[in-house]
Amino acid sequence: MRTFRFFIFAGISVMLFSCGQKKSSSNQEQQLTFTEISIDSLTLNPAVFEGDTVQFVANVDHVCKHTGRKLVVFGANPEQSIKVMATNAVPNFDPSLNGATVEVVGVVKGVASEQAESCETHSADSTIAITYTVDCLSVKVK
């Protein structure tokens, strides 16, 4: 009889404690900390923001139709743009974003340009061109 009571008590305890361990989906989401900037300041001098998590609002010029993994955005001047790259957080971009105004949160990264990635030899005094992109953490239409 003592064993039976023990198992009943243990079962009730497990049920009570397991109910208290549920986590809501909002608690599981990571809270992003970022710097709010203008797209124009980012396109004019992206090196200043390298490695930073930034938020900006921009116009979508182009969604890569081949893979959907690149988004080209611009601000006041369409000639000054920056690429937003898909990540695990945002695996691809919907083609319907073409022409839309979007809010992007992402990490600014400097990467070697395609020329620098080739196997060409560079002299000691040559500089490797750096292209800046934004690794997308979230994107939403404004």
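Checking the a/c ratio against 1.5 first, then a/b against b/c, what shape does the Cα gyration tensor give for the stretch 31-82?
Because a/c hits 1.5 or more and a/b fails to exceed b/c, the stretch 31-82 counts as oblate.
Report for the stretch 30-141 the percent antiparallel among DSSP-assigned beta bridges with both residues inside it, nearest 5.
Antiparallel bridges: around 85 percent, rounded to the nearest 5.
How large is log10 I(q)/I(0) at q = 0.09, 0.17, 0.20 Å⁻¹ when the Debye formula is applied to the Cα atoms of the stretch 30-141, each weighted equally and without solvent?
-0.24, -0.80, -1.04
Can you check what the net charge comes to around Gln55, using other residues whose Cβ is under 9 Å from the Cβ of Gln55 (Lys, Arg +1; Asp, Glu -1)? Spell out each step's value before the answer.
Values: positive: none; negative: Glu36, Glu103.
The answer is -2.
Under the Karplus relation 6.51 cos²θ - 1.76 cosθ + 1.60, θ = phi - 60°, what is the ordered set of whole-Hz ³J(HN,Hα) values for the stretch 62-68, x standing for Gly and Pro?
The phi angles translate into 7, 10, 4, 7, 7, 10, x Hz.
Local charge sum around Asp135 (other residues, Cβ-Cβ under 13 Å, Lys/Arg +1, Asp/Glu -1)?
Numbers: positive: Arg69, Lys70, Lys83, Lys109; negative: Glu50, Asp52.
Around Asp135, the charge tally is +2.
Values quoted throughout were computed directly from the atomic coordinates according to the rules given, and no laboratory measurement underlies them. As the structure is a prediction and not an experimental result, all values here were calculated from the model. Cβ sites come from the backbone with ideal geometry, for glycine too, and all protein chains shown count toward neighbours.
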